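Values in this text are rule-based calculations from the coordinates and carry no lab data. Everything numeric here is computed off the predicted structure, so don't read it as measured data. Here the Cβ positions follow ideal geometry from the backbone for every residue, glycine too, while neighbour counts run over all protein chains shown.
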Amino acid sequence: MKHLVILGGGYGGMRILQRLLPNLPDDVQITLIDKVPYHCFKTEYYALVAGTISETHIRIPFPEHQRLSVKYGTIVNIDLDAHLIELQHGETVAYDNLIIGLGCEDKYHNVPGAKEYTCSVQSIGKSRHTYQQLNGLTPNATVGIVGAGLSGVEVASELRESRPDLNILLFDRGDRILSMFPEKLSYYVEDWFVKNRVTIIRNSNITKVEPRAVYNHEEAISCDAIVWTAGIQASTVVQQMPVEKDSSGRVILTKYHNIPGYENVYVLGDCASLPHAPSAQLAEGQAEQIVSVMQKRWNNEELPEELPVIKLKGVLGSLGKKHGFGLLANQALMGRVPRLLKSGLLWMYKHHNG
Ligand SMILES: Cc1cc2nc3c(=O)[nH]c(=O)nc-3n(C[C@H](O)[C@H](O)[C@H](O)COP(=O)(O)OP(=O)(O)OC[C@H]3O[C@@H](n4cnc5c(N)ncnc54)[C@H](O)[C@@H]3O)c2cc1C
């Protein structure tokens, strides 16, 4: 029996299971290891931290299959040469094939105090803590959100709808927020923020964080809570692996998504160095390719010279529950349509995976 171990039941890990389980070869047994006992929809954590949805709306059980066992535990080390996974408390799990999909964590860019004194949206546990901090604030308190990319914008707008009393400051490095999107889309979102009393602080450079203050260009700005959405890097366990990585700790892979020199070890999603920005869509697209490569290797079939480019459909973001923005097939979308599309996609995701 071959033992395939999947680390992490996020978007990538779930897509692997979805594609493998219906046609699992008779001689393959799978173990999925995750520190939480369900699959969480990370793309919805902005609503969880703002308190506009309950946690049960954004999680589903892992799939069931007679040759899939699910193990709950925190992975602390991956020993590629011994083919062993080490869990907290000393337990080990051996593998023949391994897929590493452990996601990412915040990147603090060496800003003093950022790790200690900011709230995070990068894991379900940290998002629960952030929810408590934000929703427990006294009336008219000030919240600083550092980073106005997709997740910072979604947190700021959802929080505005959840807590109309709060002063919300959105710090961004650039001249305009959502700088990776077309200008007209950034201006639409900025306009929404102006109308909804979210203050954008442009060209900011956060140099230090203290328990109740953010330093912008060394100037202290009082904040009762601070949310960090200013960058991500691969999960610590992945960063500690003695293999080649990019500047965000993501593993450099062969064209077949395995670690060079380790044909049996694949790296997936936010911890893989890929030619696109990390996203759930990318993790799923890569998962499809890993399944097809692994199946060919199991069947001793020849691999294609090149794998096709992973096609991404676009991005959709929310501005509270009624408005949104997006970029689909290079078309900028603004208003209610992209928000409806985003809700529809979430419904479909739950329907197909739940
Ligand atoms: C607020 C927000 C909004 C987003 N919106 C979008 C969007 O609209 N569209 C989009 O495509 N992407 C979006 N993303 C990005 C997307 O969520 C990630 O790119 C995606 O989750 C990556 O999938 P993954 O499988 O690599 O990792 P994840 O989905 O993060 O899964 C990692 C899994 O590993 C487990 N794990 C981690 N470390 C350990 C450990 N040490 N031991 C055991 N288990 C562990 C975790 O519990 C988790 O289940 C958003 C992210 C955020 C934060």
In the stretch 235-336, the chymotrypsin sites (Phe, Trp or Tyr not before Pro) that sit in a DSSP loop and have at most 14 other Cβ atoms within 10 Å of their own Cβ are none
Run through the stretch 255-305 and list the GluC sites (Glu not before Pro) located in a DSSP loop whose Cβ has at most 14 other Cβ atoms within 10 Å. 301, 302, 305
What ranking do 157-166, 224-233, 17-26 get when scored by the average of other Cβ atoms within 10 Å per residue, highest first? 224-233, 157-166, 17-26
Could you tell me, in Å, what Rg and Dmax come out for the Cα atoms of the stretch 240-309? 12.0, 36
To the nearest 0.05, what FRET efficiency results for residue 212 and residue 74 with a Förster distance of 30 Å applied to their C-beta separation? 0.45
The chain: antiparallel DSSP beta bridges as a percent of all, rounded to 5: 50
Amide H proximity to residue 80 below 5 Å, modelled H, separation 5+ or other chain, gives none
I want to verify a result. In a Gaussian network model of the chain, Cα cutoff 10 Å, which of these has the top mean-square fluctuation: 138, 74, 207? 138
Compute the separation of the alpha-carbon centres of the stretch 279-354 and the stretch 149-190 and state it in Å as a whole number. 23
At a Förster radius of 51 Å, what calculated FRET efficiency corresponds to the Cβ-Cβ distance of residue 55 and residue 300, to the nearest 0.05? 0.70
Quick one: if the Förster radius is 41 Å, what FRET efficiency do residue 203 and residue 321 give, using the C-beta to C-beta distance and rounding to 0.05? 0.85
Between helix 280-298 and the chain: long-axis angle, C-alpha atoms, 0 to 90°, nearest 10: 10
Binning at 20 Å from 0, report for the chain what percent of all alpha-carbon pair distances ends up in each bin. 29, 56, 15, 0
So what are the ³J(HN,Hα) numbers for the stretch 264-269, from phi and the Karplus equation (6.51, -1.76, 1.60; θ = phi - 60°), rounded to whole Hz, Gly and Pro as x? 8, 10, 10, 10, 10, x
Which whole-number percent is the relative contact order of the stretch 196-255 (Cα, under 8 Å, 6+ apart)? 17
GluC sites (Glu not before Pro) lying in DSSP loop within the stretch 206-244, provided at most 15 other Cβ fall within 10 Å: 218, 244
With 0.36 nm assigned to each residue of separation and the Cα-Cα distance removed, residue 312 to residue 24 gains 101.0 nm
Per the helix-only calculation at 222 nm, which mean residue ellipticity applies to the chain, given -39500 (n - 2.57) for every DSSP H run of n ≥ 4 and division by its residues, nearest 500 deg cm²/dmol? -8500 deg cm²/dmol
In degrees, nearest 10, the alpha-carbon axis of helix 124-135 is tilted away from the dominant principal axis of the alpha carbons of the chain by 10
Stokes-Einstein D (µm²/s) once Rh is taken as the Kirkwood radius of the stretch 108-230 over alpha-carbon pairs, at 4 °C in 1.567 mPa s: 90
At the level of C-alpha centres, the distance separating the stretch 53-129 and the stretch 226-253, in angstrom, is 13
Peptides 116-123, 274-281 ordered by average Cβ neighbours within 10 Å, highest first: 116-123, 274-281
The exposure ranking of 11, 215, fewest beta-carbon neighbours within 10 Å first, is 215, 11
Mind pulling the angle between the C-alpha long axis of helix 336-353 and the longest principal axis of the chain? Nearest 10 degrees, somewhere in 0 to 90. 30
Treating cross-link reach as a plain straight distance, find the lysines whose alpha-carbon is under 26 Å from the alpha-carbon of residue 350, omitting any fewer than eight places away in the same chain. 35, 42, 71, 126, 311, 313, 321, 322, 342
